[in-house]
Amino acid sequence: MCLKNLFLSETKREMDNKGLQTVVCFGEVLWDMLPGGAKPGGAPMNVGIHLKRQGIHPWLVSRIGNDREGEKLRRFLQESKMDLRFLQTDDTLPTSQVLVHLDEDKNATYEICEPVAWDNIQPEKELNNLAKKADLVVFGSLASRNETTRNTLMQFLENSPAIRLLDVNLRPPFDSREVVEKLLSLADFVKLNDDELVEIARWNGLKGSESELIAWLSGFFNCPTVCVTRGADGAALFIENRLIEHPGFKVKAVDTVGAGDSFLAGLIARLVTGGPVENALKFACATGAFVASQPGAVPEYSMHDIESLTG
């Protein structure tokens with residue numbers, strides 16, 4: 001069975017989670033400095049923890065500083081039962097901290113310092129071995145802002161047969177068109193929000209309806225599967241040349257940090273366990289909505305909490 005097409009065929013979606021033996025989440029781990037206090041964060045880490053809760057056991061590839069904040073982050077990840085074999089430690093650069101601002105609707109904007117430890121992920125020999133056996137690699141655009149980590153990611157992708165899932169995170173000033181479009185051209189599956197879709201289309205002088213821009217992005221970057229999140233208004237999934245939409249679930253938001261990451265983890269887990277794609281998108285929207293109703297990117301929850309939203 002060709003895992004490269006795992007998300008693209010009804011037959012392949014009949015697989016259970018055993019079809020994803022080796023899932024890799026590559027990129028930043030950090031502390032989100034929220035108004036209510038510091039919370040563990042970073043999109044790849046968030047996706048990994050939420051995948052763990054969905055019954056998939058990912059490998060986290062990142063780097064922390066040799067400092068108090070790094071040790072606290074390591075302890076949190078150990079308590080979350082994440083495999084930390086590929087969590088590197090940097091003796092010079094600090095563990096990342098991101099200042100998070102929330103607007104009146106609890107939507108987040110970020111101040112991201114550099115350089116930090118995850119800017120310096122190294123291409124260790126063991127990482128190359130992991131690349132060769134990976135089935136799925138989830139990576140974001142933010143971690144490619146600097147050359148060292150970007151080159152390590154490129155080497156990983158070059159040496160891996162894995163499905164490549166790009167989670168676009170345009171965080172000015174770390175939103176280089178050249179870098180983002182390179183990553184888009186390498187992806188099999190792209191997840192981004194509606195504002196990011198419009199921005200990438202603008203780079204190419206395009207306007208149009210959301211469905212038109214999704215079809216354009218899929219064709220232009222040769223990326224078969226595209227998912228666009230719409231905040232409180234749900235999401236759209238372009239898969240097998242058809243567009244599926246869900247209006248989302250209304251909740252009282254506490255903060256939206258990590259909601260998109262939990263959405264993505266829920267979507268991955270349900271796509272590979274079979275059933276209609278519509279149900280996978282519905283479950284993903286419910287997961288994202290529940291996390292938005294809780295503080296921090298990785299609040300505790302059960303499947304009952306999620307399913308209670310879906311009715």
Query raised in the report: Would you call K207 of a type in the set (K, R) and surrounded by 21 or more Cβ atoms within 10 Å (Cβ to Cβ)?
Result: no
Report summary line: Apart from one, (1) modelled with pLDDT under 95; (2) under 15 Å from S262 (Cα atoms); (3) touching a strand residue (DSSP E or B) at 6+ places or on another chain (Cβ under 7 Å) all hold for R53; the odd one out is (3)
Requested in this report: Please find, among L192, L206, the residue that is farther than 30 Å from T310 by Cα and not charged (D, E, K, R).
Outcome: L206
Query - For C227: the one exception among (1) assigned to a helix (DSSP H, G or I); (2) crowded, with 16+ Cβ neighbours inside 10 Å - result: (1)
Requested in this report: Collect the residues in region 244-290 that are part of a helix (DSSP H, G or I), farther than 21 Å from G41 by Cβ and β-branched (V, I, T), keeping them in residue-number order.
Outcome: V277
Query raised in the report: Can you find a residue in region 188-200 that is buried (at least 22 other Cβ atoms within 10 Å of the Cβ) and either farther than 26 Å from V228 by Cα or touching a Gly at 6+ places or on another chain (Cβ under 8 Å) (or both)?
Result: yes
Requested in this report: Residue by residue through region 43-95, note down the ones that are buried (at least 19 other Cβ atoms within 10 Å of the Cβ) and of a type in the set (S, T, N, Q).
Outcome: N46, Q54, S62, T95
Query raised in the report: Say we look at region 296-311 and pick out the residues that are assigned to a loop (DSSP other than H, G, I, E, B) and not aliphatic (A, V, I, L, M); which of these is farthest from R53 (Cα to Cα)?
Result: G311
Query raised in the report: Going by the conditions given, is F26 aromatic (F, W, Y), under 19 Å from the mean Cα position of the chain (by Cα), at pLDDT 95 or above and surrounded by fewer than 21 Cβ atoms within 10 Å (Cβ to Cβ)?
Result: no
Requested in this report: Identify the residue in region 78-111 that is of a type in the set (D, E, K, R) and at pLDDT 85 or above and, among all such residues, is nearest to S293 (Cα to Cα).
Outcome: D103
Query raised in the report: Using beta carbons and a limit of 6 Å, which pairs, at least six apart or on different chains, have the first residue in region 38-61 and more than 19 Å from A131 (Cα to Cα) and the second one assigned to a strand (DSSP E or B)?
Result: A38/W31; K39/D32; G41/L30; G41/D32; G42/L30; A43/G140; A43/D167
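The values are calculated or read from the model by the stated rules, or taken from the named source; none is laboratory data. Computed from a predicted structure; not experimentally measured. Quick reminder, even Gly has a Cβ in these numbers, built from the backbone with ideal geometry, and neighbours come from all protein chains shown.
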